[in-house]
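Below is one structure, written out as structure tokens; the observations come after it.
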Amino acid sequence: MKKAITMDSRDNVATALTGLQPGDEVEVISTAREVTQTVKVNDPLPLGHKIALADIRSGADVVKYGAKIGRASKDICTGDYVHIHNVTSDRMPLTENMLGHS
Amino acid sequence: MEFMGYERPDGKVGVRNTVLVIAVCDCGEPAAQQMVKGIEGAVAVTQYHGCIAIETVPTLVGVAVNPNIYGTVLVPMGCEGLRAQPIADAIAESGKPVEIVDIQAIGSTRGAIAKGRDIVQRMVSKAAKQQRKPFDIGKLAVAVKCGGSDTTSGIAANPAIGIMSDMMVDAGARVVMIEPIEAIGAEEELANRAVNDKVREDILHWVGDEEKRWTVPGAGVDFMCGGNVKGGLTTLEEKSLGAVHKSGHRPISGVLQATTDRVDRLPEQGGFYLMGGIHIELQAMTYQAAAGANIIVFATGRGGSFGHAIAPIVKVTGHPETWARMGEDMDVNASTIMEGTESIESVGKRIFDEVLAVASGKITKGEELGFYNFNVWRHDPRLEVLLGMEGGDKK
């Protein structure tokens, strides 16, 4: 089964260890390789990108490494792709230049 | 827990027994290189900022005093503003051998090379007679650094190195992380680990001062790039938290300064330390070596083919393709985390074991290739003053 990893038990997103497709069932593992839950994927996402493990309301914290990495800029559902289209930084907004190569 | 190292007159312990030749300014570098050519156990380095770069002196003294170095030969051209004698005096405080070969005073480049080679040969012969002895791991100092990062760095190599850092601190060793710029956005996480309020303040200054240096109006730099976003990093916080993950989880015992007029050395006491300076790989590693680090543990996603003149580098990659393709450069495979076949804790333990083996003499991939890179960062004293950081990071 395809896998995604959480870095801390408080995380509400997991990082995909392989590319994912809508409809995939993904096993979420901890850093100790224990399976903590399975999630059904809603959107395609590449390796290294994040998937929501719970519903995250607009304005709520997005948590990875047990710490806040940003805020949801719209409502996010369990299984959604989580990236710059639905998360904003409190620390430093992305500039055009930072997006230049993507 | 013990490793087999070389004892120095000042009580410190090295993991290598290198004779170091320093061309005090870059004009003397070719002569210095000739002094070590073909002599195993000797390396020649220089700082690349010209003959008045007095801001590099604390770094040059620091690397010569690093316990991996048996003895030092200073090679001044003779006319530089950066004088060799005070550097030699500062190095001599460690009790280790230090000599000066002044090219203009000798009056012949070939004569200076011959004299230098003679001294180097003599030091290398003496060094070769020294035997490794067992020492407590408390004598070991490990630096952590990352570069050539990709999406695997923050979830595989850096977290596994963080486990190694924790294991080192728990065993009584010292661990030091540099690159304050990488902590912008993760400063609270680090500050919360401070052993006391003073260190907490120092950590916030450590990040804040570096942010000031890189956000001068009209000359700012981006802290994230398109490649980061493409690789899956959404915010600066996420990028920074991944980078600082190699620091592990233990309390932070102190913040060392590396500024225009000082480079702090690691205290004797075990624990986890932060260090100011720079994030650019080789210059950062030189600062860490100047602070006394014996071994550098380096996380990379993309790979990297280099070594360091002062401290061996243990390279760790979390990327399966990098491990498969650049295996001749990589020391530890952390890509098993990406494949879901090994826990981060287990990889961290393997890194710990590798560092101890290298401390006792195991040759790293960079050493196998005979790579001994060296570069020095120079804080611009004018910028420091303009930013209100005269003499360095103001408290």
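Values quoted throughout were computed directly from the atomic coordinates according to the rules given, and no laboratory measurement underlies them. For clarity, every value in this text was computed on a predicted model and none was experimentally measured. Here the Cβ is made from the backbone with ideal geometry for all residues, glycine too, and neighbour counts use every protein chain on show.
Here is the list for segment B:176-273: GluC sites (Glu not before Pro) lying in DSSP coil, each with at most 15 other C-beta atoms within 10 angstrom of its C-beta, are B:Glu268. The angle between the Cα long axis of helix B:281-290 and the main principal axis of chain B comes to about 60°, on a 0 to 90 degree scale. Histogrammed with a bin width of 20 Å, the alpha carbon distances of the protein assembly as shown distribute as 24, 53, 21, 3 percent, first bin at zero.
Taking label points 7 Å from Cα along the Cα-to-Cβ direction, B:Ser125 and B:Glu268 give a separation of 3.5 nm.
For chain B, the fraction of alpha-carbon pairs lying more than 38 Å apart is 17 percent, rounded to a whole number. Pairs with C-alpha atoms separated by more than 24 Å, drawn from the list B:Lys37/B:Lys129; B:Lys139/B:Lys246; A:Lys64/B:Lys198, are A:Lys64/B:Lys198. Across segment A:45-88, the residues whose backbone nitrogen lies under 14 Å from the label position 7 Å along the beta-carbon direction of A:Lys2 are A:45-52, A:79-82. Here the protein assembly as shown is treated with +1 on each Lys and Arg Cβ and -1 on each Asp and Glu Cβ, and its dipole about the Cα centre works out to around 1100 debye. By DSSP, the beta bridges lying fully in segment B:1-120 are antiparallel in about 10 percent of cases. When you filter the trypsin sites (Lys or Arg not before Pro) in segment A:7-85 for DSSP loop state and at most 15 other Cβ atoms inside 10 Å of their Cβ, you are left with A:Arg10, A:Arg57, A:Lys74. For segment B:138-368, a crude dipole built from +1 on the beta carbon of Lys and Arg and -1 on the beta carbon of Asp and Glu, taken about the Cα centre, is about 340 debye to the nearest 20.
If the chain linking B:His249 and B:Arg382 were pulled fully straight, counting 0.36 nm for each residue of separation and taking away their Cα-Cα distance, it would gain 44.2 nm.
Residue pairs exceeding 19 angstrom between C-alpha atoms, taken from A:Lys2/A:Lys40; B:Lys145/B:Lys239; B:Lys239/B:Lys365; B:Lys12/B:Lys145: B:Lys239/B:Lys365; B:Lys12/B:Lys145. Computed from Cα positions, the angle between helix B:197-214 and the longest principal axis of chain B comes to roughly 80 degrees. Computed on chain B, with alpha-carbon pairs under 8 angstrom and 6+ residues apart, the relative contact order is 21 percent. Of all DSSP bridge pairs formed entirely within the protein assembly as shown, close to 40 percent run antiparallel. Rg over Rh for segment A:2-99 works out to 0.96, both radii taken from alpha-carbon positions and Rh defined as the Kirkwood radius. Relative intensity of segment B:18-129 on a log10 scale, I(q)/I(0) at q = 0.10, 0.11, 0.16 Å⁻¹, equals -0.23, -0.28, -0.62, per a Debye sum over C-alpha point scatterers of equal strength in the absence of solvent. Cβ crowding within 10 Å ranks B:Cys25, B:Cys51 as B:Cys51, B:Cys25, fewest other Cβ atoms first. Simple spin-label model, 7 Å along Cα-to-Cβ: B:Glu93 to A:Ser73 in nm? About 5.3 nm, to one decimal. Look at the dipole of chain A built from charges on Cβ: of A:Ser9, A:Gly79, A:Ala54, the Cα furthest out on the positive end belongs to A:Ser9. A simple spin-label model places pseudo-atoms 7 Å from Cα toward Cβ; at A:Asp90 and B:Ala114 they are separated by 7.1 nm. Taking every DSSP bridge with both residues inside chain A, close to 85 percent are antiparallel.
Computed over chain A with a Gaussian network model linking Cα atoms closer than 10 Å, the most mobile of A:Val35, A:Val62, A:Val13 is A:Val35.
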